[in-house]
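What follows is a short report on a single structure.
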Amino acid sequence: MDLTKPISYNGWTASQSLSKAAGSRLSGYLVKSVQVTDVDATQYMEKRAVHDGMSAADTYLNGRRIVMIVSVYGSTRGDAWDKLADLQEAFSPTIAYDADSANLGFLALDFYRPTADIATWPTSANPSGIPQRIYARPLFPPRYPLQRDGDGGTGVALDTRVEMIARDPRIYHQTQQSVSLSTSSQTATNRGNYPSWPIVTFSITATGSSALTVVTAGYSVAINFSSQSSGDFTLDYSNRTLEAGGASYANLYTGTPVFKQIAAGGSVVYLVNATGLTATMTYREAWV
């Protein structure tokens, strides 16, 4: 995360460039420090009976905790407290929840990441670096120590502590990627360093195939659409769901579906028996 570039969340932005009023009094926000690397792993490990070493099984990442120290500057005491109120509103857990209750208040924390790989990330398209985001929710309102604050001609500063949690540990690109699926193989590119779950939307305009198959990185999800002649269906790989109009159509799966992520670097994707429909795969490039 580049602390010299803008950081935004829930309508609030730290431009990282303070304005100056008359008498060089500062006004605005500065993110002084950020901790975004607090991610644990859930994994099974147990001592082997009557053996050296241990037994081990699969492992997965837990959520990501985020801690930001944000300095609030005001050209006057009133200006500082007004800006603090805006910060408190943006990072209120309940207000974040109300802003997107469908996603339980896990909103986009947007920022930029520096890179020297201008072949992959040309500066013409990425002048501030790689635009990234984490979907996070505040753990509690911003905390700050209250102390006697004078106004000695340079304004007032209040240091606050913002703590957040991301249920998905991935760091995502701010722009969603889209691939129109067909029976021809193509690569869904992931320029990040961590796999990402795709979503496939189907628009059915005629009676579908009894053996439609979505192939991702060699793994298949087969669906029987022969009973469907219209409608829009969403196949969510992360949740393993097939839905239309809010209703589940998991009964349309045939065989045992295998939901595979878009790998770092990219994965080959295509359709088999694509009758009576169009399909689009969307995903976000991801980092750990």
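The values are calculated or read from the model by the stated rules, or taken from the named source; none is laboratory data. Fair warning: this is a prediction, and the values are worked out from it, not measured in the lab. Using ideal geometry, Cβ is built from the backbone for each residue, glycine included, and neighbour counts are taken over all protein chains shown.
Structure above, values below:
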{"quantity": "Single condition Gly255 does not satisfy, out of (1) within 23 Å of Ser178 (Cβ to Cβ); (2) surrounded by fewer than 15 Cβ atoms within 10 Å (Cβ to Cβ)", "calculated": "(1)"}
{"quantity": "Count - residues of the range 62-119 that are buried (at least 19 other Cβ atoms within 10 Å of the Cβ), hydrophobic (A, V, I, L, M, F, W, C) and part of a helix (DSSP H, G or I)", "calculated": "5"}
{"quantity": "Residue count, the range 44-92 (criterion: within 23 Å of the chain's Cα centre (by Cα) and either under 21 Å from Thr13 (Cβ atoms) or not β-branched (Val, Ile, Thr) (or both))", "calculated": "17"}
{"quantity": "Of residues in the range 6-29 being touching a Phe, Trp or Tyr at 6+ places or on another chain (Cβ under 7 Å) and over 30 Å from Ser101 (Cβ atoms), the one modelled with the lowest pLDDT", "calculated": "Leu18"}
{"quantity": "Output for the range 203-250, where each listed residue is out of contact with any Leu (no Cβ under 9 Å at 6 or more places or on another chain) and farther than 16 Å from Leu277 by Cα", "calculated": "Thr216, Ala217, Gly218, Tyr219, Ser220, Tyr237, Ser238, Asn239, Arg240, Gly245, Gly246, Ala247"}
{"quantity": "Residue that is part of a strand (DSSP E or B), at pLDDT 95 or above and outside the structural domain of Arg113 (by TED's automatic domain parsing), where the choices are Thr183, Thr213", "calculated": "Thr213"}
{"quantity": "Criterion violated by Leu242 - all others in (1) of a type outside the set (D, E, K, R); (2) touching a residue at least 40 places away in the same chain (Cβ under 8 Å); (3) touching a helix residue (DSSP H, G or I) at 6+ places or on another chain (Cβ under 7 Å) satisfied", "calculated": "(2)"}
{"quantity": "Residues of the range 240-288 satisfying the condition of being more than 26 Å from His173 (Cα to Cα), of a type outside the set (Gly, Ala, Ser) and within 26 Å of the chain's Cα centre (by Cα)", "calculated": "Pro257"}
{"quantity": "Residue list for the range 258-269, restricted to those being closer than 16 Å to Gln177 by Cα, of a type outside the set (A, V, I, L, M) and either surrounded by 14 or more Cβ atoms within 10 Å (Cβ to Cβ) or not assigned by TED's automatic domain parsing to the domain that holds Asp236 (or both)", "calculated": "Gln261, Gly266, Ser267"}
{"quantity": "The range 93-116 residues that are without any contact (Cβ under 8 Å) to a residue 24 or more places away in the chain and under 25 Å from Gln16 (Cα atoms), paired with ones that are of a type in the set (Val, Ile, Thr) and not in a helix (DSSP H, G or I) (beta carbon under 6 Å, 6 or more apart)", "calculated": "Thr115/Ile130"}
{"quantity": "Residue list for the range 245-288, restricted to those being of a type in the set (Val, Ile, Thr) and free of Cβ contacts under 8 Å to residues at least 24 places away in the same chain", "calculated": "Thr256"}
